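Since every read-out is calculated from the coordinates, none of them should be taken as a lab result. If you're wondering where the values come from, they're calculated on a predicted model, not measured in any experiment. Quick reminder, even Gly has a Cβ in these numbers, built from the backbone with ideal geometry, and neighbours come from all protein chains shown.
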Amino acid sequence: MEGLICGIVIAGIVVLAFFFYLLNTARKKGNKDTNQFGKKEYAPVYVSIADKPDAIIQGMNKFVAEAQKTETAGDKWRWIPMMIFFAGIGLALVDVLIILFGYSSSFVFIGGGVLLWVAALVMARSLRRSDLLDFHPRYHKTKDILHTLRDDLKPGATFLGHLDLTGSMLDAKVGRETKDTQNRTTQLFNDPWLSLKAKLYDGNVLRVTAMQKTKKRKSYWKTSRISGKSKLKPEKFKGSHQELKVRIVVNPEAYKIRPNNQFSLNKDVGKYKITLLDTEGGMINIQAVSPFEDADHESILGFLKSAYTLLERKAA
């Protein structure tokens, strides 16, 4: 009987040690964490853009530095839960040795070991919260956009808008839902991840909105025609693309709008294709789409530069 108990205790120690090893060696910075669709996950970040360019960029850099500092501090303590855990194993082995030598045991040492294991697990989970998911590339691309546009701002002017990297497929971002002939529901998500408004040095007012549109088919039950059994089909990623909306409120004292063939409806400009172009009412309204799941800052800045070819400066 005592041998059986001893075997159970040893097996339990081995299982718990393996479990703790998996837990305490969880992801680190630079991880490859992905969601259920195989897409890499990033740290959820929301930045309100309502300040001068340099202040915004400095704030974004500071935020990254503080997050990295927190993770580094957690890494320094990561070995302690493991030491506590093995100390608990040592206590448990005392009871095992007592049993092996033929003495009766009250399992006090095993109880103490269990308490140490619980403390180690709690501490390990607490330290794991300091692990940092990578920042989305858009975070750094947006800094480059702000850095480039800052010289075009009216002196003393600020940017207004936001950078939303909290996730492109949140419930709050469902634009609409559709059903097919098999009653399967497809959700269409609208994620305006970047919104910028600025008054420029030349008197124009620029608005830029970069949006990701994503499709996802929800999980559903499918009944087999042969066996009659129902099986739950998982959610399925159906693709995404980028949209870019640009509005330029033109300063009539400095410019007149002059359409051209190089920047016109259905033209490809970099990674984008122009799907809407309206130059009426002293404003330029443009909408463009890109089949790419992401667009780099060079593509956005290049598109803005090309849009300015619609303007002709008036003679002084």
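What FRET efficiency would be calculated for the residue pair LEU115, LYS40, taking the C-beta separation as r and a Förster radius of 41 Å, to the nearest 0.05? If you can, show how the numbers build up before the last one.
Working: r = 39 Å, r/R0 = 0.95.
Efficiency computed from Cβ-Cβ geometry: 0.60.
Where does each of ASP151, ASP51 land when they are ranked from fewest to most other beta-carbon atoms within 10 angstrom? Numbers along the way, then the final one.
Numbers: ASP151 8, ASP51 14.
Ordered by Cβ neighbours within 10 Å, fewest first: ASP151, ASP51.
Take HIS136, HIS241 and order them by how many other Cβ atoms sit within 10 Å, fewest up front. Intermediate results must be reported in sequence, preceding the final value.
Values: HIS136 20, HIS241 16.
Ordered by Cβ neighbours within 10 Å, fewest first: HIS241, HIS136.
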## Note on the structure
Measuring from its Cα centre, segment 137-313 shows a charge dipole (+1 at each Lys and Arg Cβ, -1 at each Asp and Glu Cβ) which, in debye to the nearest 20, is 1200
### Task
Would you compute the Debye intensity of segment 137-313 from its alpha-carbon atoms alone, equal scatterers and no solvent, and pass along log10 I(q)/I(0) at q = 0.08, 0.15, 0.20 Å⁻¹ to two decimals?
-0.34, -0.90, -1.35
### Message
Sort TYR42, TYR272 by Cβ crowding within 10 Å, fewest neighbours at the top.
### Response
TYR42, TYR272
## Note on the structure
Note: probe point = Cα of ALA55 + 7 Å toward Cβ; backbone nitrogen < 17 Å; residues of segment 133-164 passing the test are 146-147, 150-151, 153-163
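Can you give the FRET efficiency to the nearest 0.05 for ASP268 and ASP202, using r as the Cβ-Cβ distance and R₀ = 22 Å? Please report the intermediate quantities before stating the final value.
Details: r = 27 Å, r/R0 = 1.22.
That pair, ASP268 with ASP202, gives E of 0.25.
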### Message
Below 25 Å, Cα to Cα, which lysines can LYS238 reach? Residues fewer than 8 away in the same chain don't count.
### Response
LYS32, LYS39, LYS40, LYS173, LYS179, LYS213, LYS215, LYS216, LYS218, LYS222, LYS271, LYS273
### Task
May I ask you to compute the full-extension gain from MET283 to GLN182, defined as 0.36 nm times their residue separation minus their alpha-carbon distance, rounded to one decimal in nm?
31.8 nm
### Message
Let me check against my output: what whole-number percent is the relative contact order of segment 186-263, with C-alpha pairs under 8 Å and at least 6 apart?
### Response
31
#### Entry: Point-to-point label distance, SER48-ILE226, nm (Cα→Cβ direction, 7 Å offset)
6.0
### Task
Would you work out the relative contact order for segment 137-313, in percent, from Cα pairs under 8 angstrom that are 6 or more residues apart?
17
